[in-house]
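Structure record follows, encoded as C-alpha cells.
The values are calculated or read from the model by the stated rules, or taken from the named source; none is laboratory data. Small disclaimer: the values here were computed from a predicted structure and weren't measured. No Cβ is skipped: glycine too gets one built from the backbone with ideal geometry, and neighbour counts run over all protein chains shown. These accessible areas exclude ligands, DNA and RNA; they are computed on the full protein's heavy atoms, side chains included. Shrake-Rupley method; radii C 1.70, N 1.55, O 1.52, S 1.80 Å.
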Amino acid sequence: MVALLFRRPFYFAETLEQMYLIGVGSLFLVALTGVFSGQGMALAFAQELADFGAKDYIGRIMAMAIIRELGPILTGLMVAARVAAGITAEIGAMKSSNQLDAMMAFGIDPLKKIAGPRLISLIIMVPVLTIVCDLIAILGGWVVAVFISHVTSTMYWAQLMVKINFGNIFMGLIKPFCFSFVIAFISCYAGFTSEGGTKGVGRATTNSVMFSSIVILIVNFIITKFVGGWMKGYL
C-alpha cells in the first residue's frame, strides 16, 4: 500500500472524497468525545488537586494529559470504530459481489484505487481530527475550571501554556500519524481477505474494529515508552 502511493495513476477525486467522509464525517463524534472527556478529566483533577491546595495547576495537567495522551488515543479509537468498520464493510461487499475481479479485468489495481486513497486520507485527517479533539477538550476543561472549580481564566491558560512545548506537541502528533497506518492496514486487509459472503463481511468488520483498537492501544504504549524516553528533555 505504501509503495503504491508513489506510482501512477493518482486518484485525486477518490482521495478528496475519502478525506471528506473520514474527516468531516467523524468531526461531530470526535468533538463530542473531546468536550465531555475534557470536562470529566478537569473535574476529576480539580477535586484531587483541591485536597493539596493546588487547583491552580489544573491547566498544566490538562495540557499534558490531553495533548500527549487523551486526545490522540480517543481520536484514534473513535476513528477506528467508525472508519475501520466502514472501510472493511465496503471492500468486503465489493469482493463478495465480484467488483474487485471486474476492476482487475479492466486493468485497474484494486489495492491502488481503493486502499491508496483511504490510506492517504487517514494520514492527513487523523492528525487534524486529533488537533480538533485537543482544542475542544482543553476548552471543555477551561469551562469546568472557571465555572465549577473557580480557577481564574488567566491562571488556567498561563499554566496550560507552560506545557504546550515541542515535546508534547510532537508526541501528540506522531501518535495519530501512526494510528492512521494501523487503521488503514488492518481495515483494508480485513476487507480484501474477507470470505463467506455477507456473513464473512460482518465477521471481518467486527474483527477489523477489534484488532484496530487493540493495536492502537499497543502502539500508544510503545510510542509513550520509547519516544517519550528519547524526548524526555523536551517534555
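Worth a mention:
- On inspection, ILE186 fails the criterion of being of a type in the set (A, V, I, L, M, F, W, C) and either over 10 Å from THR88 (Cα atoms) or surrounded by fewer than 17 Cβ atoms within 10 Å (Cβ to Cβ) (or both).
- Per-region count, segment 185-235, residues in a helix (DSSP H, G or I) and closer than 20 Å to GLN99 by Cβ: 16
- Qualifying residue in segment 81-102 (condition: in contact with a Gly (Cβ under 9 Å, 6 or more places away or on another chain), more than 30 Å from GLY200 (Cβ to Cβ), of a type in the set (D, E, K, R) and at pLDDT below 95): no
- Selection status of PHE177, aromatic (Phe, Trp, Tyr) and within 11 Å of the chain's Cα centre (by Cα): yes
- Cβ-Cβ under 6 Å pairs, at least 6 apart or on other chains, segment 184-200 side farther than 19 Å from LEU122 by Cβ, far side of a type outside the set (Ser, Thr, Tyr) and open to solvent by less than 60 Å² (accessible area, probe 1.4 Å): SER194/GLY92; SER194/GLY200; SER194/VAL201; SER194/ALA204
- Scanning segment 87-128 for residues that are farther than 22 Å from LYS175 by Cα and either of a type in the set (D, E, K, R) or not in a helix (DSSP H, G or I) (or both) turns up GLU90, LYS95, SER97, ASN98, ASP101, PHE106, GLY107, ILE108, ASP109, LYS112, LYS113.
- When the criteria are applied in full, ILE22 meets the requirement of being touching a residue at least 40 places away in the same chain (Cβ under 8 Å), closer than 22 Å to PRO127 by Cβ and among the β-branched types (Val, Ile, Thr).
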